[in-house]
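J.: Structure incoming, see below.
The values are calculated or read from the model by the stated rules, or taken from the named source; none is laboratory data. Being a predicted model, the structure only gives us computed values, none of them experimental. As a convention, Cβ positions derive from the backbone with ideal geometry for all residues, glycine included, and neighbour counts pool all protein chains shown. Remember, those area values only see protein heavy atoms, side chains included, never the ligands or the DNA or RNA. Shrake-Rupley method; radii C 1.70, N 1.55, O 1.52, S 1.80 Å.
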Amino acid sequence: MTVLAVLVGTAAATASAPAATAAGHDAPTDPGLTAEAAATGSVPVIVEVSGAADQQVEGVRRSLPAQSVRRAQRLDDLPLLALEVTPEGLDAVRRDPRVSRVWRNEQRKASSTLSVSSIGAPTAWASGSTGAGQTVAIVDTGVNASHPFLAGKVVAEACFSSSFSNTVAVCPGSDPTTATGPGTGAPCPAMPDCNHGTHVAGVVAGGSGGSFSGVAPGATLIAVQVFSTLSDPVDCSPDPAPCATTWTSDVVRGLQYVYGLRASHSIAAVNLSLGAASTAAPATTSPRSPASTCCARSASPPWWRRATTAPPPAARPRSRHRRACPAPSRSAPPTT
């Protein structure tokens, strides 16, 4: 089983916040963001703030012109802000000396091509390796904890979703952007992709070790739903609209939630089955935030370095959503 290590570090708090502007400062910014903001009127970004002090992050947000920010979201206690900004707001963020980097807030669709038998799981079971005593976090479209194949497996749940740009947040409860507790990690509202997380959970830990089981049938699960609703038929294509998509910022929030459970659960792995991003310009890397610095023991590059490079049609600036993904393996456990 691929193991993703979530490395979280801390930075020293800055004693005093600098002035909101400084001559000549221009924070490194992902290519194409300025042109995209000018073409579409706004662009979703993640802003990395120097230092870990809350007042630094909040100071950046408060210093932006009111009409230049359409939506703003703190990423828990990380030195990051998820913003949807106008061209004026993007320029203000770049020139704030407290900002060290401006990243594209990318969207992704779910993706997995998994097969239990192809990795020799039955051989591992025979030697006594079933995942017992370990927990795997599924950061995906949510998990149906009441499915018989997953009975008693889900031990913690959360939801992180966003109404940025062309998406609508879908978490249950009074706040559609954030929810934790029993039932909050359930599959996103009925869309073609919303059974994906349940499918992945079944592949990871479904069943009880018989001939038809997941890779680690003795393991428990943390269900984290990080997807939002995308309704534009063009952006969803070739999938039907509405479809499910996730923002990088919500994935980071989901990882931060999982990290917060490290003392109460023996977390062996975090599963991210995400497709490549479709961006208006080639993306570089995702935020180098503590919670999003994941290292996969695999020959392939980590997901945040797999970005498409072909630009979208010039006639219509495209949103930053994840494109079509391979269908789940037919040999994997069912999701309905």
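J.: Scan the range 208-232 for residues that are over 30 Å from W125 (Cα atoms), open to solvent by 10 Å² or more (accessible area, probe 1.4 Å) and not polar (S, T, N, Q) and report the count.
T.: 1
J.: For the range 40-80, which positions are closer than 20 Å to S163 by Cα and of a type in the set (G, A, S)?
T.: Once the filter is applied, which keeps residues that are closer than 20 Å to S163 by Cα and of a type in the set (G, A, S), the range 40-80 yields G41, S42, A66, S68, A72.
J.: Sticking with this one: Just one of (1) under 21 Å from V215 (Cβ atoms); (2) at pLDDT 90 or above; (3) in contact with a strand residue (DSSP E or B) (Cβ under 9 Å, 6 or more places away or on another chain) trips up S112, so point out which.
T.: (2)
J.: I need the full set of residues from the range 107-160 which are closer than 17 Å to V258 by Cβ and of a type in the set (A, V, I, L, M, F, W, C), in order please.
T.: V136, A137, I138, V139, V143, A145, V154, V155, A156, A158, C159, F160
J.: Can I ask one more? Only one of these is farther than 23 Å from D235 by Cα and part of a loop (DSSP other than H, G, I, E, B): P122, P97. Name it.
T.: Of the residues listed, the single one that is farther than 23 Å from D235 by Cα and part of a loop (DSSP other than H, G, I, E, B) is P97.
J.: Any residue in the range 233-259 that is closer than 19 Å to G142 by Cα and open to solvent by 10 Å² or more (accessible area, probe 1.4 Å) sitting within a Cβ distance under 6 Å of a residue that is at pLDDT 95 or above and among the small types (G, A, S)? List the pairs, counting only those 6 or more apart or interchain.
T.: Pairs found: Y257/A158.
J.: Do you know which residues across the range 70-79 are within 14 Å of T177 (Cβ to Cβ) and either surrounded by 24 or more Cβ atoms within 10 Å (Cβ to Cβ) or in contact with a Lys or Arg (Cβ under 9 Å, 6 or more places away or on another chain) (or both)?
T.: A72, Q73, R74, L75, D76
J.: If you go through the range 168-200 one residue at a time, how many are polar (S, T, N, Q), crowded, with 24+ Cβ neighbours inside 10 Å and either within 16 Å of the chain's Cα centre (by Cα) or within 18 Å of Y257 (Cβ to Cβ) (or both)?
T.: 0
J.: Regarding T21, is this residue open to solvent by 70 Å² or more (accessible area, probe 1.4 Å), in contact with a strand residue (DSSP E or B) (Cβ under 7 Å, 6 or more places away or on another chain), hydroxyl-bearing (S, T, Y) and at pLDDT below 80?
T.: No; evaluated as a whole, the condition is false for this residue.
J.: Sticking with this structure for a sec: Kindly indicate which of L272, L230, L221, L255 is out of contact with any Cys (no Cβ under 9 Å at 6 or more places or on another chain) and of a type in the set (A, V, I, L, M).
T.: Just a single option satisfies the conditions, and that option is L221.
J.: If you don't mind, there's one more thing I want to ask. Does T184 qualify as being assigned to a loop (DSSP other than H, G, I, E, B) and under 23 Å from N105 (Cβ atoms)?
T.: Considered against the rule, which asks whether it is assigned to a loop (DSSP other than H, G, I, E, B) and under 23 Å from N105 (Cβ atoms), T184 comes out as yes.
J.: Scan the range 32-69 residue by residue and report those that are over 12 Å from P87 (Cβ atoms) and either open to solvent by 60 Å² or more (accessible area, probe 1.4 Å) or of a type in the set (D, E) (or both).
T.: E48, D54, Q55, E58, R61, R62, A66
J.: Pick out the one residue from A27, A92, A82 that is part of a loop (DSSP other than H, G, I, E, B), among the hydrophobic types (A, V, I, L, M, F, W, C) and open to solvent by less than 50 Å² (accessible area, probe 1.4 Å).
T.: Just one listed residue meets the conditions, A27.
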